[in-house]
1. Does at least one position in the range B:189-207 carry a residue that is aliphatic (A, V, I, L, M), touching a helix residue (DSSP H, G or I) at 6+ places or on another chain (Cβ under 7 Å) and within 14 Å of chain A (Cβ to nearest Cβ)?
2. Hey, among A:Val335, A:Val340, which residue is open to solvent by 70 Å² or more (accessible area, probe 1.4 Å) and either hydroxyl-bearing (Ser, Thr, Tyr) or over 20 Å from A:Leu137 (Cα atoms) (or both)?
3. Filter the range B:203-218 down to the residues that are in contact (Cβ under 8 Å) with a residue 12 or more places away in the chain and within 16 Å of A:Ala251 (Cα to Cα), then identify the one that is nearest to the chain's Cα centre (by Cα).
4. Could you list, ordered by first residue, the pairs with Cβ atoms under 6 Å in which the first is in the range B:140-156 and within 11 Å of chain A (Cβ to nearest Cβ) and the second is surrounded by 17 or more Cβ atoms within 10 Å (Cβ to Cβ) and small (Gly, Ala, Ser), at least 6 apart or interchain?
5. Might you let me know whether the range A:268-280 holds any residue that is buried (at least 22 other Cβ atoms within 10 Å of the Cβ) and closer than 26 Å to A:Val105 by Cα?
6. Could you check how many residues of the range B:62-87 are exposed (fewer than 15 other Cβ atoms within 10 Å of the Cβ), within 14 Å of chain A (Cβ to nearest Cβ) and of a type in the set (D, E, K, R)?
7. Out of A:Leu466, A:Leu397, A:Leu407, I need the residue that is modelled with pLDDT of 85 or more and either under 29 Å from the mean Cα position of the chain (by Cα) or within 27 Å of A:Leu369 (Cβ to Cβ) (or both). Which one?
8. Criterion first (touching a residue at least 60 places away in the same chain (Cβ under 8 Å), more than 22 Å from B:Ile205 (Cα to Cα) and either open to solvent by 40 Å² or more (accessible area, probe 1.4 Å) or touching a His at 6+ places or on another chain (Cβ under 6 Å) (or both)) does B:Leu30 satisfy it?
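The values are calculated or read from the model by the stated rules, or taken from the named source; none is laboratory data. Here the structure is a predicted model, which is why all the values come from computation and not from measurement. So basically every Cβ, Gly included, is an ideal-geometry build from the backbone, and we count neighbours across all protein chains shown. In case anyone asks, the SASA skips ligands and DNA or RNA and just uses the protein heavy atoms, side chains included. Shrake-Rupley method; radii C 1.70, N 1.55, O 1.52, S 1.80 Å.
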Amino acid sequence: MDIVILLFLTSGLFLGWSLGANDAANVFGTAVGTRMVQFTTAAIVCSIFVILGAVISGAGAAHTLGKLGSVNALAGSFVAAFSAALTVYWMTRASLPVSTSQAIVGAIIGWNLFSGSITDSNALFKILGTWVACPLLAGLIAAPLYKLTQRILKWAQFHLLRLDAYTRAALIFAGAFGSYSLGANNIANVMGVFLPVSPFTDFDLGGFATFTGAQQLFLIGAIAIGVGVFTYSKRVMLTVGDGLMPLSPVAAWVVVIAHSIVLFLFASEGLENLLANAGLPTIPLVPVSSSQAVVGAVVGIGILKGGKNIDWKILGNISAGWVTTPIISAVVCFVALFFVQNVFNQQVFREVSYSLTPTAMERVVEMGLPAEDLKVIEGKTYNNASAFRAAVLEQTLLSKSQETKVLYYAEIFHTKITPNKLTKSDREWLGEERVKILDSLSGKSFAYKWQLSDALSRDSDQWKLLEQTTVNKVYNKQINSRLDFVYRTFSVIERPR
Amino acid sequence: MSKSLALFRKTRILENQIDEFLDCITKSGLIFQGAIKTYLANGVCDDFDASTKQANEIETRGDDLRRTIEAQLYEQTLIPDLRADVLRLLEDLDNLINITQANCYRFAVEAPEIPEEYHAEFLHLTETVVACVDAVVMSSRAFFRNIEAVRDHNSKVMFYETEADKISSKLKVMAFSSDLPKVEKIHLRYFIERIDELANEAEDIADALAIYTIKRSI
């Protein structure tokens, strides 16, 4: 692998390290702080399960982060991850509450602003909504769980020593679950920005499973988290103990379980599939802050007990963190991108051009969009999404969904189908029928993603997206991820000017 | 896995040791009650000596158990949040055995003259303080297994302690308003106070237990 790629990945590893150092304390902090679990045991369990969570279930939340903004150059990913890590590091040093999720979202927005990309407001509001929902949900889970645990303990009447032994075992179990959820949910923060530019390719594991490029990337990130846990988290764990409110080991267990459930809910593709198949509304898969989940759970228990023991000032600081962290991170990222681009002469983003060529206009007409109004800009090329959108909005007023469609039809993305680019495992993943259709397009070139998509779904249903309903969500997601793969694999990148 | 199984096995052994330690306190109370009954009936006799010997043995066994339990609590870093409270509780409970053993020894050495008209109240006082000790043992057991019940047992401790205070005051008034020589009055008062000390000590433990229980329920 190119040494430069490794060098660029280091910022993700730095972010992973700081996540391991800080967030592992949320999972095992009280257990280690109260000496219920030894640090070495906690560190080993935490590292193993963070890695498992990241590799097995890490993809879900990464997808939403990818929607927010697709950082399309390795140096850009480096700067985004580095800015987020720096923000987390600074704010931790200044004893301000900080969330890795919020830092990375800020950094992506900073990149979007710098590269002239459009921040998907739907994805942004989805993420912002979950930041508020995450501690609330944690509190709503923790309070009844605490009450239930109390009832069970009252009924079971364990000896104090036996309860101690059970609590230790339960804390390790909860910590393992928490670490798995942390890995699944937060790996997107660490390695998500590198996904679109991932240098790794899939490889076959003895014919029975495929180790995808994303999983390889997540494995490296998770190892960095593990290193963070081993090297730096002990200090944080020992101080995290009872920051917000004194907790008994049993209450600590409730907090860890509630935190883990919340992180798991926001990361589990399995649960999403289950809900979608049952026709129920799904939970957005978004990287959320584990610190805030813990705070929510502690406050939930605190309110249940009358709220006397809660330090409300800390809560105020956390809410302020929702605003300050992304802003600081966005500003740092913007400045750093300028610096890296102009001083180190690195390509921090790949220009994405937009043009309503006659072909694209035909499509616009077909889809019933106001083509007449857009005639003025037909044939003109714009170097980024913001400039194109401004030009479009100058001509006509479009609804949000119309705007998204016009942007999609005008985005130039050159692809050329050369099937020998596909590995055996790629072919297996895509499916025989789909590969056959892809092979039939061999040698053809396309200027737009939608052209390729149209060509693929023209003669067969295999590449067709179904109507957007809850039940079809999972299927459409699978098709979209395969389409994304095809776009990425067969893209013909124009050299930067 | 085997490590956690070993932890559960060790925990069971330790639970049994704590139960045995609490049994020692109950037994030492009953032995003390029997010893006083014997003393009031026959003075220092073979039966009384046998009770004193039994009290000594119980005290030694209690000490051994306490040390073993304390060492294990530390070595295995068990109940880290409540360890200090439990160690303190064990020390205080052990003191109850020490007091009963010391009282038996005092009776054997000093052989106080207790006129017959005092016997009934002396016995009543002894039964009340032993009931008080019993209640605090029950309260301690509840602290380990069922904290909801601590309050109930503690209220019994308070009740018996007040009763013991009343009886001991009555006995002291009886002694000092009698024609007994001053030296005997003072000697009697000393023994009344030594017996009553058991109830006072039990009440202190119950007070501490109430606090430990609040801490345990947080």
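1. no
2. Details: A:Val340 fails: open to solvent by 70 Å² or more (accessible area, probe 1.4 Å).
Being open to solvent by 70 Å² or more (accessible area, probe 1.4 Å) and either hydroxyl-bearing (Ser, Thr, Tyr) or over 20 Å from A:Leu137 (Cα atoms) (or both) holds for just one of A:Val335, A:Val340, which is A:Val335.
3. Top of the filtered list is B:Thr213.
4. B:Ala149/B:Ala142
5. Within the range A:268-280, none of the residues are buried (at least 22 other Cβ atoms within 10 Å of the Cβ) and closer than 26 Å to A:Val105 by Cα.
6. Adding up the residues that qualify gives 1.
7. A:Leu407
8. Values: touching a residue at least 60 places away in the same chain (Cβ under 8 Å): yes; more than 22 Å from B:Ile205 (Cα to Cα): no; either open to solvent by 40 Å² or more (accessible area, probe 1.4 Å) or touching a His at 6+ places or on another chain (Cβ under 6 Å) (or both): yes.
So B:Leu30 fails the test.
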